[in-house]
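Peer 1: Let me give you the structure first, and then I'll get to my questions.
No lab work stands behind these numbers, since they all come straight from the coordinates. Computed from a predicted structure; not experimentally measured. Virtual Cβ from ideal backbone geometry, glycine too; neighbours counted across all protein chains shown.
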Amino acid sequence: MKRRGGRILWLVYLDSTISRSRGRILPRKLAVPRPAIDEVAKALDKLGIRYEVHKEKRYPALWFDERAAGYFVVYADDVKEVARKIAEEIAKSRS
């Protein structure tokens with residue numbers, strides 16, 4: 001049974017190596033190259049946002065690409081704003 005109220009956040013949304021036409025929602029300068037599921041989970045924990053992880057699923061437009069594996073169900077209103085905050089946290093942790 002699925003829970004209601006969550007928003008989907010694919011790893012592709014944050015990946016600067018993916019084009020906008022393939023699914024990235026952030027500008028390239030804000031996105032991070034090849035975000036890992038663990039990095040995104042740590043960023044969500046740090047931001048205090050509830051989430052569920054689904055590692056085995058792939059983004060439908062890139063079903064053949066390893067970079068498109070995994071998504072999060074995020075319990076927040078604005079996925080784009082959450083994606084921006086996650087990308088900032090990942091960039092901070094990488095530097």
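Peer 1: Run the quick spin-label model on R22 and K80: label points 7 Å from Cα toward the beta carbon, then report their separation in nm to one decimal.
Peer 2: 2.2
Peer 1: Related question: Under a crude label model (7 Å from the Cα following the beta-carbon direction), how far is E52 from L30 in nanometres?
Peer 2: Calculated label separation equals 2.7 nm.
Peer 1: Once amide H atoms are placed 1.01 Å from N in the peptide plane, what residues at a sequence separation of 5 or more from T17, or on another chain, have their amide H within under 5 Å of its amide H?
Peer 2: Close amide H contacts, sequence-distant or interchain: R34.
Peer 1: Now for a different question. Whose amide H sits under 5 Å from the amide H of R58, counting only residues 5 or more places off or on another chain, with H placed in the peptide plane?
Peer 2: G70
Peer 1: Output ³J(HN,Hα) for the stretch 64-73: one whole-Hz value per residue in order, computed from phi by the Karplus curve 6.51 cos²θ - 1.76 cosθ + 1.60 with θ = phi - 60°, and x for Gly and Pro.
Peer 2: Once rounded to whole Hz, the list reads 8, 9, 5, 5, 8, 7, x, 8, 10, 9.
Peer 1: If amide hydrogens are placed 1.01 Å from N in the peptide plane, which non-local residues have theirs closer than 5 Å to the one on R7?
Peer 2: Under 5 Å from the amide H of R7: V74, Y75, A76.
Peer 1: What is the packing order of peptides 28-39, 76-87, taking the mean over residues of other C-beta atoms within 10 Å and listing the highest first?
Peer 2: Working: 28-39: 15.3, 76-87: 16.9.
Ranked by mean Cβ neighbours within 10 Å, highest first: 76-87, 28-39.
Peer 1: Pick from G48, G23, G70 the residue whose mean-square fluctuation is largest in a GNM of the chain, springs joining Cα atoms under 10 Å.
Peer 2: G48
Peer 1: Could you go through the stretch 26-38 in sequence order and give the Karplus-derived ³J(HN,Hα) for each residue, using 6.51 cos²θ - 1.76 cosθ + 1.60 with θ = phi - 60°, rounded to whole Hz, and x for Gly and Pro?
Peer 2: Taking θ as phi minus 60°, the curve returns 9, x, 4, 5, 8, 6, 10, x, 6, x, 9, 4, 5 Hz for the stretch 26-38.
Peer 1: In terms of Cα to Cα distance under 22 Å, which lysines are near enough to K42, apart from those fewer than 8 places away along the same chain?
Peer 2: K29, K55, K57, K80, K85, K92
Peer 1: State, as an integer percentage, the relative contact order of the chain based on alpha-carbon contacts under 8 Å between residues 6 or more apart. Intermediate values should be presented prior to the final figure.
Peer 2: Working: 140 pairs, mean separation 35.2, N = 95.
That works out to 37 percent.
Peer 1: Related question: Once label points are set 7 Å from the Cα along Cα→Cβ at both K92 and A41, what is their separation, rounded to one decimal in nm?
Peer 2: 2.1
Peer 1: Taking chymotrypsin sites (Phe, Trp or Tyr not before Pro) that fall in a DSSP loop and have at most 12 other Cβ atoms within 10 Å as cut points, what is the longest piece of the chain between them?
Peer 2: On the way: sites that count: W63, F64.
Longest stretch, sites excluded: 1-62.
Peer 1: Please compute the volume of the convex hull spanned by the alpha-carbon atoms of the chain and report it per residue in Å³.
Peer 2: On the way: hull volume 9.1 nm³, N = 95.
It is 96 Å³ per residue.
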